[in-house]
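Following: one structure in structure tokens, then a few remarks.
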Amino acid sequence: MGSKTITAKQLEVQRIVDTLSRAIAQHRLRPGTRLIEAQIVEALQANRNHVQVALQRLALQRIVTIEPNRGALVSQPTAKEAREVFTARRAIERAIVESITPELMRRNRQRIATHMSNERKATSSTDRRAIVRELSDFHLLLGEVSDNEVLSEMLRNLMVRSSLIVALYQRNDVPSCASDEHQQIVTALEQGDRVQAVTLMLEHLDELEAQLALEEQAAPEVDLRQALADL
Ligand SMILES: [Zn+2]
């Protein structure tokens, strides 16, 4: 019975983690948003203790920041962290693409086709949330198709953090992934050309990073004594 109780609690914590991650990934909760426990308890019909555990888990994943005496807020990655996330994505997504054999592509043909169709539908609409969701789901789908749970799990974390980065540093409001670039990656994988698929994926990630205003946003080192001296 004891183990059953633990399992139910773990499932419930996971549900809260997943829901908050999704809301953050879809920019429903933007970087810096205060995550007030009582409101989460009410909105998700959850137990306060479960919400606390979920927030701690998200803090370990760097998706949430917990400040002593001030509670939790959605993380605001620095420009340095943003670059590090993209470096990590290049490594992980290269490994994912290299793992996807033509056989795995065949096995997942229907799923991929359904996704590509949803993605095209979203990108030709003006529904920003749907666009953000579908473009991000493409990368997660490749993770799942690769059939490597470790890579896939690392990518899930990086994708939520990427979402925070895009929300903070995107130069303009145009959604970041180009759907035709995704299609080219799929085509290369279907043809069994993994070298080409890796090249396309790395170019795609370089381009996403180039759309971020990481230089300008870096917080300048300010000497407060000097800055405030002449006031
Ligand atoms: Zn993309």
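The values are calculated or read from the model by the stated rules, or taken from the named source; none is laboratory data. Since we're looking at a predicted model, the values are computed, not measured. Neighbour counts run over all protein chains shown; Cβ positions are idealised from the backbone, glycine included. For the accessible areas, the whole protein counts, side chains as well, though only heavy atoms, and no ligand, DNA or RNA atoms are used. Shrake-Rupley method; radii C 1.70, N 1.55, O 1.52, S 1.80 Å.
Surface analysis of segment 79-210 yields an accessible area of 49 Å² per residue, using protein heavy atoms and a 1.4 Å probe.
The residue among Leu189, Leu142, Gly32 whose Cα reaches farthest toward the positive pole of the charge dipole of the chain, with charges on the beta-carbon of Lys, Arg, Asp and Glu, is Gly32.
Hey, what did the chain get for relative contact order, percent, Cα under 8 Å, at least 6 apart? Spell out each step's value before the answer.
On the way: 236 pairs, mean separation 55.7, N = 231.
For the chain, the relative contact order is 24 percent.
Rounded to the nearest 20 debye, the dipole size of segment 79-210 about its Cα centre is 280 debye, using +1 on the Cβ of Lys and Arg and -1 on the Cβ of Asp and Glu. Taking each residue as 0.36 nm, the span from Asn69 to Thr199 lengthens on full extension beyond its C-alpha to C-alpha distance by 42.1 nm.
The solvent-accessible area of Ser163, taken with every protein chain present and a 1.4 Å probe, is close to 10 Å². Considering only C-alpha atoms, what is the centroid distance from segment 133-156 to segment 49-108, in Å? So the separation of the two Cα centres works out to 12 Å.
Set the Förster radius R0 to 25 Å, insert the Cβ-Cβ distance between Leu140 and Ala38 as r into 1/(1 + (r/R0)^6), and round the FRET efficiency to 0.05. Intermediate values should be presented prior to the final figure.
On the way: r = 31 Å, r/R0 = 1.25.
Given R0 = 25 Å and the Cβ-Cβ separation, E is 0.20.
Could you size up the charge dipole of the chain around its Cα centre, putting +1 on the beta carbon of Lys and Arg and -1 on that of Asp and Glu, and report it in debye to the nearest 20?
On the way: 30 positive and 32 negative charges, 202 e Å.
With only Lys, Arg, Asp and Glu charged at Cβ, the dipole is about 960 debye.
So if we plug the beta-carbon distance of Asp230 and Asn49 into 1/(1 + (r/R0)^6) with R0 = 45 Å, what FRET efficiency do we get, rounded to 0.05? For Asp230 and Asn49, the calculated efficiency is 0.30. For the chain, the membrane-span-like helix rule (DSSP H, alpha carbon extent of at least 20 Å along the helix axis, mean Kyte-Doolittle at least -0.5) picks out 2-25, 79-99, 128-145, 149-169, 194-210; this says nothing about an actual membrane. Once divided by 2.2 N^0.38 Å, the Cα radius of gyration of the chain becomes 1.14. Compared with the direct C-alpha span, the chain from Arg15 to Glu207 gains 65.8 nm at full extension, assuming 0.36 nm per residue. Placing a label point 7 Å from the Cα of Ala8 along the Cα-to-Cβ direction, the residues of segment 26-47 whose backbone N falls under 17 Å of that point are 45-47.
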